1. Give the range 128-151 a look and list any residue that's in contact with a strand residue (DSSP E or B) (Cβ under 6 Å, 6 or more places away or on another chain), assigned to a helix (DSSP H, G or I) and touching a residue at least 40 places away in the same chain (Cβ under 8 Å), or say none.
2. Taking the range 244-270, which residues are farther than 23 Å from residue 29 by Cβ and either in contact with a helix residue (DSSP H, G or I) (Cβ under 7 Å, 6 or more places away or on another chain) or surrounded by 13 or more Cβ atoms within 10 Å (Cβ to Cβ) (or both)?
3. Of the residues in the range 230-243, how many are surrounded by 13 or more Cβ atoms within 10 Å (Cβ to Cβ) and free of Cβ contacts under 8 Å to residues at least 40 places away in the same chain?
4. Taking into account only those residues within the range 3-24 that are out of contact with any strand residue (DSSP E or B) (no Cβ under 6 Å at 6 or more places or on another chain) and surrounded by fewer than 19 Cβ atoms within 10 Å (Cβ to Cβ), which is nearest to residue 62 (Cα to Cα)?
5. Please state which of the following conditions residue 100 fails to meet, knowing it meets all the rest: (1) surrounded by fewer than 19 Cβ atoms within 10 Å (Cβ to Cβ); (2) part of a loop (DSSP other than H, G, I, E, B); (3) touching a strand residue (DSSP E or B) at 6+ places or on another chain (Cβ under 9 Å).
6. Among the residues of the range 65-81, write down those that are buried (at least 16 other Cβ atoms within 10 Å of the Cβ) and in a helix (DSSP H, G or I).
7. Tally the residues that are within 23 Å of residue 101 (Cα to Cα), touching a helix residue (DSSP H, G or I) at 6+ places or on another chain (Cβ under 9 Å) and assigned to a loop (DSSP other than H, G, I, E, B), restricting the search to the range 170-190.
8. Of all residues in the range 126-146, which are crowded, with 22+ Cβ neighbours inside 10 Å and more than 15 Å from residue 177 (Cα to Cα)?
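The values are calculated or read from the model by the stated rules, or taken from the named source; none is laboratory data. Everything numeric here is computed off the predicted structure, so don't read it as measured data. Heads up, the Cβs are rebuilt from the backbone with ideal geometry, glycines too, and the neighbour counts pull from every protein chain shown.
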């Protein structure tokens, strides 16, 4: 079975520390990272496309070329005159990572401004993926447009997958964050939260509470990631814990959740077996955190 996987969100320019005080340039972003790992894990007869907005500057062109070289389709990427991509820099202090962002005028904030083009991209796809960050960076009306189109896709039976990926500083208020994240879940078939986020920002005391809350909002399946404690799958059939795969040395946890999501969905859309998909994704995520950087090449994943 072939199909089209569409990931919707923001890819940014990444600056990380290199030798001699220099900075290394890359490209990354939560939904793009997931698209990267979905592409690495899906059969070749599946296409993986990215929906975002970029500028008309050289850096936007370079980012487009990078996506294409990774086998990720860019036909639905909007190009906006006078705009540029967002940028973030990784700061390292005694091995601990922190981030500085420059994204207020990023082109990706306008990715849902053209509702017709958004609908065209969604209608051309079989599986849709988005995140809480996707919703957070959009103007309120544009977020409403995106959610309406995703609800239409869900209503006709397309899998719509949502990672809440909660980042409070991107939201105008906690009320806006809580209500919009909940609306994102209502538009979705599968919700893939991280338990530490849900405990911190929704007050969930247990994974069962997280599953129950998102199931009550209309998700048919909830896959709660909980780091080294594995992932719990909640459906009508109950809850199943799939253990994480242990590794000796954790090098870099960047993109652990994104890689799990991409690998899980790649396996699940083919076999429709959530437990097998979670076991496969745990193996991929274990390899990712054993390497540096958000985007680990497929050959290092053993795929």
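1. The first filter runs over the range 128-151 and keeps only residues in contact with a strand residue (DSSP E or B) (Cβ under 6 Å, 6 or more places away or on another chain), leaving 128-131, 134, 150.
When the remaining residues are screened for being assigned to a helix (DSSP H, G or I), the result is 134, 150.
If the condition is that a residue be in contact with a strand residue (DSSP E or B) (Cβ under 6 Å, 6 or more places away or on another chain), assigned to a helix (DSSP H, G or I) and touching a residue at least 40 places away in the same chain (Cβ under 8 Å), then 134 is the only one that fits.
2. Once the filter is applied, which keeps residues that are farther than 23 Å from residue 29 by Cβ and either in contact with a helix residue (DSSP H, G or I) (Cβ under 7 Å, 6 or more places away or on another chain) or surrounded by 13 or more Cβ atoms within 10 Å (Cβ to Cβ) (or both), the range 244-270 yields 244, 245, 247, 270.
3. Residues in the range 230-243 being surrounded by 13 or more Cβ atoms within 10 Å (Cβ to Cβ) and free of Cβ contacts under 8 Å to residues at least 40 places away in the same chain: 6 in total.
4. Applying the filter and picking the extreme gives 22.
5. The single condition residue 100 does not satisfy is (2).
6. 66, 67 - these are the residues of the range 65-81 that are buried (at least 16 other Cβ atoms within 10 Å of the Cβ) and in a helix (DSSP H, G or I).
7. The total comes to 2.
8. Correct list: 127, 128, 129, 130, 146.
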